[in-house]
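Colleague: Before we start, here is the structure in question, set down as structure tokens.
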Amino acid sequence: MQERMNETISLLLIDDHQLFREGVKRILDMEANFEVVAEGDDGDEAITLVEENDPDVVLMDVNMPGTNGVEATRDLIAKHPDVKVLILSIHDDESYVTHVLKTGAAGYLLKEMDADALIEAVKVVGQGGAYIHPKVTHNLINEYRRLADGDEGMVDSSDGEIGYKEVEYRKPLHILTRRECEVLQLMTDGYSNRMIGEYLYISEKTVKNHVSNILQKMNVNDRTQAVVESIKKGWVKVR
């Protein structure tokens, strides 16, 4: 993934609202390593534009007339499995997000995102990672915990009866610093880098450094993987 850091990421933008599309394109054009190679306003157009332009990442709106973004993403990935789709949506409901991600999309971003979140999402997805909007991540984690609680600790005992497995909870101070533990917890709470900085009274740049260190120490590719892995290990609380 590091090899792609300085390479240009080519982008296809699919959204039926021209004003929103122009705003997104303006933000993307600010990044030297981004290149918007084509634009479209419906799902039917997406496959044709992918075949004509071979983009690295497709930014796909969900709600469009005709073929919507979910159907278009499913068809697109079926025909072009290597393409990376970043979903743009107004929906943060965990069941809806899960349904959309089953299409094979590599990322899910709420349209309420700020410019930094958009740029970060494109970079992560373009480099082969997965990106889920922090607010959506928090909702998904709550749903994950709710489902897990349904059979939490249930194991087969040696005498054939059902027993309960004791779950060990511990802070990962053996690999993370105390500050990194705090940042990891706030990531689990759904805070963006900017919100974490405001909460801890540190700069956003410092937060990004902490997040980078956390990912490296945990040997994961993105913050979503870090949060899910931390929940499994009992390193954080789902609040």
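Read-outs throughout are calculated quantities, based only on the coordinates presented, and are distinct from any laboratory measurement. Predicted, not measured: the structure shown is a model, and the values here were computed from it. FYI the Cβ positions are ideal-geometry reconstructions off the backbone, even for glycines, and counts take in every protein chain you see.
Colleague: On a 24 Å Cα-Cα criterion, which of the cross-link pairs Lys135/Lys233; Lys111/Lys217; Lys25/Lys123; Lys102/Lys205; Lys205/Lys233 come out too long?
Modeller: Beyond 24 Å between Cα atoms: Lys111/Lys217; Lys102/Lys205; Lys205/Lys233.
Colleague: Hey, another quick one. Asp75 label point, 7 Å along Cα→Cβ, cut-off 12 Å on backbone N: hits in segment 34-54?
Modeller: Counting backbone N atoms under 12 Å from the label point, the list is 42-49.
Colleague: Which order, highest average first, do 195-204, 181-190 follow once you tally other Cβ atoms within 10 Å for each residue and take the mean per peptide?
Modeller: My ranking of the peptides, most packed first, is 181-190, 195-204.
Colleague: Under the rule of at least 5 residues apart or a separate chain, name every residue whose amide H is placed under 5 Å from the amide H of Val58.
Modeller: Leu12, Lys84, Val85, Leu86
Colleague: Can you list the residues, at least 5 places off or on another chain, whose amide H is less than 5 Å from the amide H of Ile9, using H built in the peptide plane?
Modeller: Phe34, Glu35
Colleague: When you count, for each residue, the other Cβ atoms within 10 Å and take the mean per peptide, how do 23-35, 76-88 rank with the highest first?
Modeller: 76-88, 23-35
Colleague: Can you work out the Karplus-derived ³J(HN,Hα) for every residue in segment 221-233? Use 6.51 cos²θ - 1.76 cosθ + 1.60 with θ = phi - 60°, whole Hz, and x for glycine or proline.
Modeller: Those phi angles translate into 8, 8, 5, 5, 4, 4, 5, 4, 5, 5, 5, 4, 7 Hz.
Colleague: Can you give me the distance in nm between label points at Val238 and Asn53, each placed 7 Å from the Cα along the Cα-to-Cβ direction?
Modeller: So the label points at Val238 and Asn53 sit 3.9 nm apart.
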